[in-house]
Amino acid sequence: MIKKKTATKLTKALALSTIIPLLALNQPIKTEAASETVQVWLSNPNTGVWLQRQADTRFAADSGINSYTITVDDSIKYQTMDGFGGSMTDASAWLMYYKLSSSKRAEVMNNLFGPNGINLSILRQPMGASDFSWEAWTYDDTTNNSDDWSLSNFSLWRENTYIRPMLDQAYNVNKGRIKIFATPWSPPAWMRSNRGLNGDGGYLRPEAYDTYADYFVKYIKAYAAMGTPVYAVTVQNEPMYAPAYPGMIMSTNDQIGFIKDYLGPRFAQNGISTKILAYDHNYNNLSFAQTVLSSGADQYLAGTAFHTYSEPSYQNLTTLKNLFPNKDVWITESGSGTWIGDNKAQFADQMMHMINAPRNWSKSVIFWNLALDQNAGPKLTGVDTSNSNRGFLTIRSDSTDSVTYNTCYYSMGHTSKFVSPGAYRISSNTFSGDIENVAYLNPDGTRVVILSNRTSNTRNIKIKWGSQSFTYSVPGNAALTFKWGQNSNGGNTSIVSIKSIANNKYVCAENGGASALIANRDSVGGSWEQFEMIDLGSGNVVFKSLANNKYVCADNEGASPLIANRDTIGTWETFQLVFNSDGTVGIKALANNKFVCADNGGADPLIANRDSVGGAWESFQIIK
């Protein structure tokens, strides 16, 4: 959202979580491997290094004393994470659809939502127009704002041209991973006392409460029918703010009444499991959430949504969790821009949110626009006249395929790329205002520590895990992600099959991996047609055959057919995925910078011998 007068540079140290953890298991679940390898990923705004993988380090037997010792204890679990993401606003979708070529769009979508990118897992979608839209609109606009109690004019047509295509493309990059949070900036104008959408006047008419609940039901059912189910809704964006763009004041009594008497019962009647979250405004105000959670609306509420446009107030999330331990908290909007300062200040501020929100029980961190143009738009008249807002990306609106990746892409990526939905936040001590961190246990057993040096001085830190530890030198103002455990060779792993477009056959590690790879199978019948795809970062991946647990190699520097016969990873075993405009991929071997071909229309073994993706023989589907 646009910054209010209360917005400050969010740089002061924060109070930390004091609540007793939800789960404190009697027996530790960790298994320590001797000299376990640890991935290291660095961003250093002082040197222009952004989310780059560094040389691995290793655990060793713990010894010595370090003033900055971070002890990670995965036997102590806190909340599970829903995920991390941003908003496919009207502005973002328009830029992606109209200002990117199909091939560039595929690249951008995979960088945002794919495992080789930052692997976002949440989209917070405006239900209608927000401030970053071409025009003000809702799903049931009528001529002269006349009443439509039957919602006969309800339609999602306004999204069809470019919002729905971009939402579908994002959702399908890593299908099933993304959770959608939905929020209205305003009900239809005819439901409001002033017959308008802007927030500087008008409230939800009492006689419209029942119909407005039906409006939510229609929206959720329509999204589900299109294959993008809605995970959670809030009933009003920033209900305490009256902007000169779509918005609406909604008091605690109004929110309680609407949820308790209309929306909650209507969801139940329709078998809708979408979560309902209260509030959805700044985290320096606790009384609104307390009042709603203390009311009869609580039976329908999963918890409370918060924004971060105020002085740092993360302790309020922990306070609320202590008061209502059966209700959860989410950060649903945390915007960024030049009002915070330069790139270094913005990055530090974003890292502060990424660390301290989960440390204080938030199940998500959601930044604002995925993309804005060079003028911080498109946007409604009078919105952000200082051009201060920044998205994950800047996509220029006066040219084609001009994309800049901003600091919030990298600050979010330090977590979203490595922490999976369903991960537990686990115990780790922190150094507030100095070396701040948060730790996670992923569902696959990997451990992740995200760390931010909030000082300008280099800090030598130790990370201790059980009886092991490693030390690392952290540059001033830098952020680091450490990951170890299962699948330690790569950032993210997936079990995949590979289908050749040349003949629509699946690639097989023939003869249990002893013979060359060939696309000759009609279906995935077992391990011979399955591979573990491991992300090495910078767009590089390796494939390990499940038939023999060997890495696929472009043998003889690519001059011989691909074969799964290697125990370790080097250049010959490393490939790049190049996304084609139709959603297929070309697979380029780093051994010789040639593309893999299903030679002879798939009748001969795969070999890396083509200079480009010329057609179906060099195109594949990676199927998870």
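The values are calculated or read from the model by the stated rules, or taken from the named source; none is laboratory data. Note that the coordinates shown come from a computational prediction; the quantities given were computed from them, not determined experimentally. Every residue, glycine as well, gets a Cβ built from its backbone with ideal geometry; the counts of neighbours run over all protein chains shown.
Checking residue 603 against (1) buried (at least 20 other Cβ atoms within 10 Å of the Cβ); (2) of a type outside the set (Lys, Arg); (3) more than 33 Å from the chain's Cα centre (by Cα), which single condition isn't satisfied?
It is condition (1) that residue 603 fails.
Tell me whether the range 541-554 contains one or more residues that are more than 27 Å from residue 111 (Cα to Cα), in a strand (DSSP E or B) and assigned by TED's automatic domain parsing to the domain that holds residue 617.
Checked against the condition, which is being more than 27 Å from residue 111 (Cα to Cα), in a strand (DSSP E or B) and assigned by TED's automatic domain parsing to the domain that holds residue 617, the range 541-554 yields at least one hit.
Of the residues that sit in the range 369-401 and are surrounded by fewer than 18 Cβ atoms within 10 Å (Cβ to Cβ) and without any contact (Cβ under 8 Å) to a residue 60 or more places away in the chain, which one is farthest from residue 539 (Cα to Cα)?
381
Identify all residues within the range 192-225 that are touching a Ser or Thr at 6+ places or on another chain (Cβ under 7 Å) and farther than 27 Å from residue 167 by Cβ; write none if there are none.
Of everything in the range 192-225, those that are touching a Ser or Thr at 6+ places or on another chain (Cβ under 7 Å) and farther than 27 Å from residue 167 by Cβ turn out to be 202, 203, 205.
When you scan the range 208-217, do you find a residue that is under 21 Å from residue 245 (Cβ atoms), at pLDDT 95 or above and either within 22 Å of the chain's Cα centre (by Cα) or surrounded by fewer than 18 Cβ atoms within 10 Å (Cβ to Cβ) (or both), even just one?
no
Matching residues to (1) farther than 30 Å from residue 65 by Cβ; (2) assigned to a helix (DSSP H, G or I); (3) at pLDDT 95 or above:
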{"residue": "404", "(1), (2), (3)": "yes, no, yes"}
{"residue": "409", "(1), (2), (3)": "yes, yes, yes"}
{"residue": "427", "(1), (2), (3)": "no, no, yes"}
{"residue": "432", "(1), (2), (3)": "no, no, yes"}
{"residue": "436", "(1), (2), (3)": "no, no, yes"}
{"residue": "440", "(1), (2), (3)": "no, no, yes"}
{"residue": "444", "(1), (2), (3)": "yes, no, no"}
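Any idea which residue in the range 460-480 is surrounded by the fewest Cβ atoms within 10 Å (Cβ to Cβ), counting only those that are touching a residue at least 40 places away in the same chain (Cβ under 8 Å) and either within 19 Å of residue 345 (Cα to Cα) or assigned by TED's automatic domain parsing to the domain that holds residue 343 (or both)? Quick ask: steps written out before the conclusion?
Let us first name the residues in the range 460-480 that are touching a residue at least 40 places away in the same chain (Cβ under 8 Å), namely 460-472, 475-480.
Filter again for either within 19 Å of residue 345 (Cα to Cα) or assigned by TED's automatic domain parsing to the domain that holds residue 343 (or both), leaving 475-480.
On the way: 475: 19, 476: 14, 477: 21, 478: 22, 479: 31, 480: 23.
Restricting to residues being touching a residue at least 40 places away in the same chain (Cβ under 8 Å) and either within 19 Å of residue 345 (Cα to Cα) or assigned by TED's automatic domain parsing to the domain that holds residue 343 (or both), the top hit is 476.
Quick grid of which residues meet (1) of a type outside the set (A, V, I, L, M); (2) out of contact with any helix residue (DSSP H, G or I) (no Cβ under 6 Å at 6 or more places or on another chain):
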| position | (1), (2) |
| --- | --- |
| 230 | no, no |
| 244 | no, yes |
| 254 | yes, yes |
| 259 | no, no |
| 263 | no, no |
| 282 | yes, yes |
| 286 | no, no |
| 291 | yes, no |
| 304 | yes, no |
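Restricting attention to the range 208-263, which residues are free of Cβ contacts under 8 Å to residues at least 40 places away in the same chain and under 21 Å from residue 140 (Cβ atoms)?
208, 224, 225
Counting just the residues of the range 557-576 that are hydroxyl-bearing (Ser, Thr, Tyr) and not in a helix (DSSP H, G or I), which one comes out surrounded by the fewest Cβ atoms within 10 Å (Cβ to Cβ)? Quick ask: steps written out before the conclusion?
Start the filter on the range 557-576 by keeping residues that are hydroxyl-bearing (Ser, Thr, Tyr), which leaves 560, 568, 571, 574.
Subset that is not in a helix (DSSP H, G or I): 560, 568, 574.
On the way: 560: 15, 568: 8, 574: 21.
The qualifying residue surrounded by the fewest Cβ atoms within 10 Å (Cβ to Cβ) is 568.
Within the range 81-99, work out how many residues are surrounded by fewer than 22 Cβ atoms within 10 Å (Cβ to Cβ) and either in a loop (DSSP other than H, G, I, E, B) or outside the structural domain of residue 237 (by TED's automatic domain parsing) (or both).
Summing the residues that are surrounded by fewer than 22 Cβ atoms within 10 Å (Cβ to Cβ) and either in a loop (DSSP other than H, G, I, E, B) or outside the structural domain of residue 237 (by TED's automatic domain parsing) (or both) in the range 81-99 gives 1.
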